[in-house]
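Accompanying notes for the structure given below.
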Amino acid sequence: RAPDSLHNGSFDSSSGSSPERLQPKAATNPCTSLFLLSLPAVSSAIFLLATLASFACEPLGESSWHEIEKGGHNYNQVKESLVHNKLARHAYRVFKLILYLIAAIADGWLLSMKCGGLPYADPLLPTAFHLFNAYRTVIACIDFGLLFACWGDLWVNPGLGMYGWAASFSASFPVETKREGLAHIILALVSSIGMCAVTFYLPLPKDPSAKSVGTRLLSAALLTVAFTYPIYDSKHSYGGSHLSNFGGEYLPVWVAVSAVLQCWMALCKSEPRRLEWWPFTRMMNRLVVAFLLMASIKLFADLTRCSQSWGMPSTYPKHLPDECIVSVGSFNLSKIWKQATLSLYFGCCSVVFVVSEMLLRSRIVAVEMVGGEEVEMRNTVPSR
């Protein structure tokens, strides 16, 4: 069992060490961080407005939809597949509208409660979490701006999940969904529920001994998965592919589930549980921030290149256009981007966990040595 000094997060003053805690501090004035607090509600509201506005600029008449479906076949390398279909697009808009309506209501209520004095704690990975909220807000603004920039375009309508060559879910949605779409939904559910479990329910032990390494490993795995897909989405080469997959399939589910769970926690008045000294969260926070910045830079670069990707799906090329290739010198990074990104991310997360365990064990040894010296001094009877 670890010494008591590790439980209460303090050392004896004579040891020269200062208290170290990862216990988040509740904000004394919630409105001082209003900008960060409002990001989830703002992004959900923008997505909802973009979806509602899509009713005004959708293709009208059967002739328009006939033209869309005629040019909406994607001749992608092997087989032909229909991308845009009227029934599927309308079903998708209902799906998106319901999720963002739930998210906007839940995020708005949560924001009003926090600004009204509801105690709250920072997330386990505060900088990464706030950066992700900013990232999703930027994508919401892109969705909204794209709707008006391509007003009346037959191939681009974010509310209908139409992004030129790409579309959110398949042409048979919701009757049948491709495995990629199902994978995005499952990842969104695992990510949002896992983050809630680590923050509020998973009993992170206050005893950082070897016996509790399994719990810490599970917590670290859930935190790793929570940011996996936003980082993995950088594998795409076209702006529409980013918006249709991450922004159109993953994000609506994640936003709605996460907002509802946070409201539930607020109503239950659940207190976040923390391991009082866990180096993993500090190092992981910086690591996720670096990868999210890389993903955001890749998104903005892809949005400014390859303008023909906003055209009809039947013009989808069999090979990646030269202007869309990411290269260093003569080396083509686009060919290995997907495998390299995941391997590097999971590899770095594994190294971070191992290093944090080593730091945790060295701290325990240091505290035991200090505690042993104190006990020996107290048990020594001075000679007369």
*Among the candidates ASP107, ASP122, which residue alone is closer than 30 Å to GLN262 by Cβ, among the acidic types (Asp, Glu), modelled with pLDDT under 80 and out of contact with any Leu (no Cβ under 7 Å at 6 or more places or on another chain)?*
ASP122
_Within segment 91-137, tally of residues that are assigned to a helix (DSSP H, G or I), open to solvent by 60 Å² or more (accessible area, probe 1.4 Å) and of a type outside the set (Phe, Trp, Tyr)_ = 8
_If LEU36 satisfies all but one of (1) at pLDDT 75 or above; (2) within 20 Å of PRO158 (Cβ to Cβ), what's the number of the condition it fails?_
(2)
*asked:* Checking ALA290 against (1) more than 30 Å from GLU357 (Cβ to Cβ); (2) free of Cβ contacts under 8 Å to residues at least 12 places away in the same chain: exactly one of these is not met. Which one?
replied: (1)
*Residues of segment 151-171 being in contact with a Phe, Trp or Tyr (Cβ under 7 Å, 6 or more places away or on another chain) and of a type in the set (A, V, I, L, M, F, W, C), which ones?*
TRP155, VAL156, LEU160, MET162, TRP165, ALA166, PHE169
*asked:* Considering only residues that are modelled with pLDDT of 85 or more and aliphatic (A, V, I, L, M), which ones fall in segment 149-165?
replied: ALA149, VAL156, LEU160, MET162
*Could we say that ASP302 is surrounded by fewer than 22 Cβ atoms within 10 Å (Cβ to Cβ), at pLDDT 90 or above and charged (D, E, K, R) here?*
no
*Considering segment 278-297 alone, what residues qualify as being open to solvent by less than 60 Å² (accessible area, probe 1.4 Å) and at pLDDT below 90?*
TRP278, PRO279, PHE280, THR281
*Is it the case that some residue within segment 296-309 is more than 24 Å from ASP153 (Cα to Cα) and free of Cβ contacts under 8 Å to residues at least 12 places away in the same chain?*
yes
*asked:* Please verify whether TYR201 is open to solvent by 10 Å² or more (accessible area, probe 1.4 Å) and modelled with pLDDT under 85, treating the condition exactly as stated.
replied: yes
*Name every residue in segment 321-365 that is more than 25 Å from the chain's Cα centre (by Cα) and open to solvent by 80 Å² or more (accessible area, probe 1.4 Å), in order of residue number.*
ASP322, GLU323, VAL328, SER330, PHE331, MET358, ARG361
*Of the residues SER296, SER309, SER314, SER334, which single one is of a type in the set (S, T, N, Q), in a helix (DSSP H, G or I) and closer than 30 Å to THR199 by Cα?*
SER296
*When only residues in segment 217-248 that are assigned to a helix (DSSP H, G or I) and aromatic (Phe, Trp, Tyr) count, which is surrounded by the fewest Cβ atoms within 10 Å (Cβ to Cβ)?*
TYR232
_Every residue in segment 171-184 that is within 16 Å of ARG93 (Cα to Cα), touching a residue at least 24 places away in the same chain (Cβ under 8 Å) and open to solvent by 10 Å² or more (accessible area, probe 1.4 Å), please._
ALA171, SER172, PHE173, PRO174
_Among (1) modelled with pLDDT under 85; (2) within 13 Å of the chain's Cα centre (by Cα) - the single one PRO208 does not satisfy_ = (2)
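The values are calculated or read from the model by the stated rules, or taken from the named source; none is laboratory data. Just so it is clear, the model here is predicted, and its values are computed rather than measured. Cβ coordinates were reconstructed from backbone atoms using ideal geometry, including for glycine residues, and neighbour counts include every protein chain displayed. We work out accessible area using only protein heavy atoms, side chains counted, and drop any ligands, DNA or RNA first. Shrake-Rupley method; radii C 1.70, N 1.55, O 1.52, S 1.80 Å.
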